[in-house]
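Below: one structure, written as structure tokens.
The values are calculated or read from the model by the stated rules, or taken from the named source; none is laboratory data. Since the structure is predicted, the reported quantities are computational estimates derived from the model, not experimental observations. Virtual Cβ from ideal backbone geometry, glycine too; neighbours counted across all protein chains shown. Only protein heavy atoms, including side chains, enter the accessible area calculation; ligands, DNA and RNA are left aside. Shrake-Rupley method; radii C 1.70, N 1.55, O 1.52, S 1.80 Å.
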Amino acid sequence: MSNIQDQIQEELKQAREVCSTEGATSGDCAAAWDAVEELQAEASHQQQGDKKKNSLEQYCEDNPDAAECRIYDD
């Protein structure tokens with residue numbers, strides 16, 4: 001994951017440079033910050049995917065037919 005963090009840092013640096021030379025209201029500045037936001041969103045999604053399972057979730061994964069793991073539809 002450090003790779004995406006490195007990319008975020010690089011994009012932040014580029015966005016700051018573009019905005020300082022082009023102006024904060026330029027289209028290039030907005031596009032540079034959009035790139036930063038997209039990378040940050042991707043990092044967040046990756047972090048959520050790494051969520052550890054609790055003991056019940058692990059048990060149900062190993063024993064999907066167990067009574068404790070039943071899911072009822074309303």
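Scanning the stretch 1-17 for residues being open to solvent by 40 Å² or more (accessible area, probe 1.4 Å), more than 11 Å from Gln40 (Cβ to Cβ) and not polar (S, T, N, Q) gives a total of 6.
Please work out if Gln40 is open to solvent by 80 Å² or more (accessible area, probe 1.4 Å) and within 13 Å of the chain's Cα centre (by Cα).
Considered against the rule, which asks whether it is open to solvent by 80 Å² or more (accessible area, probe 1.4 Å) and within 13 Å of the chain's Cα centre (by Cα), Gln40 comes out as yes.
Counting only residues that are exposed (fewer than 10 other Cβ atoms within 10 Å of the Cβ) and of a type outside the set (D, E, K, R), which one in the stretch 65-74 is modelled with the highest pLDDT? Once the filter is applied, the top-ranked residue is Ala67. Within the stretch 46-60, the set of residues being surrounded by 10 or more Cβ atoms within 10 Å (Cβ to Cβ), free of Cβ contacts under 8 Å to residues at least 12 places away in the same chain and within 30 Å of Ile4 (Cα to Cα) comprises Lys53, Glu57, Gln58.
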